[in-house]
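Just below is one structure, and these are the notes that go with it.
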Amino acid sequence: MTRPGPGPFGDIRLLRNHWAGPAGPRAYYWYLTFACDAAVCDLATRSQQALAFPYYDPVPPQGLHMTLDRIAPEGVCHDVGGAAIGACGLDVPHRA
C-alpha cells in the first residue's frame with residue numbers, strides 16, 4: 001500500500017482533468033510563450049525534475065506559457081488584433 005503524499009491534498013486518489021472541456025464561454029487570451037527560450041525551458045526542466053512527485057504532470061517545454069489576460073469572448077469581437085492592442089493599453093493608429 002502506498003503512503004499518502006505530503007500536505008493537505010495527500011489523501012487525494014483521483015483528480016479531474018480540468019483541461020478536458022471549456023469551463024465557460026470560449027474566448028481569446030493573451031499568452032506569453034517560452035518554447036524558443038532555452039534558458040526558461042532548461043530551468044523548467046530542472047525544476048520539474050527536482051519536484052518529481054507522482055501526482056504532478058510536468059508540462060513539456062514547448063507547452064510552457066503564461067496567461068496574461070482575456071482579450072474578448074469568442075463571437076463578440078470581430079477584430080481580435082484590435083482587442084489585443086486595446087488589452088495592452090496601447091494607442092496604435094489605424095492603418096488604411
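Of note:
- Those residues of region 34-62 which are farther than 26 Å from Arg13 by Cα, in contact with a strand residue (DSSP E or B) (Cβ under 9 Å, 6 or more places away or on another chain) and loosely packed, with under 13 Cβ neighbours inside 10 Å, in sequence order: Gln62
- Flag for Gly5 being at pLDDT below 75, out of contact with any strand residue (DSSP E or B) (no Cβ under 6 Å at 6 or more places or on another chain) and either open to solvent by less than 70 Å² (accessible area, probe 1.4 Å) or of a type in the set (D, E, K, R) (or both): yes
- If you go through region 57-83 and keep only what is more than 15 Å from the chain's Cα centre (by Cα) and of a type outside the set (A, V, I, L, M, F, W, C), you end up with Pro73, Glu74, Gly75, His78, Asp79, Gly81, Gly82.
- Checklist (1) within 30 Å of Gly10 (Cβ to Cβ); (2) surrounded by 10 or more Cβ atoms within 10 Å (Cβ to Cβ) applied to Asp69, failing item: (1)
- Number of residues in region 44-70 that are outside any strand (DSSP E or B) and of a type in the set (D, E, K, R): the value is 2.
- Any hit, region 86-95, residues being outside any loop (DSSP other than H, G, I, E, B), modelled with pLDDT under 75 and out of contact with any Cys (no Cβ under 9 Å at 6 or more places or on another chain): yes
The values are calculated or read from the model by the stated rules, or taken from the named source; none is laboratory data. This structure is a prediction, so every number in the text was calculated from the model and none was measured. Backbone-built Cβ (ideal geometry, glycine too); neighbour counts: all protein chains shown. Each accessible area value is taken on the protein alone, full model and side chains, heavy atoms only, with ligands, DNA and RNA left out. Shrake-Rupley method; radii C 1.70, N 1.55, O 1.52, S 1.80 Å.
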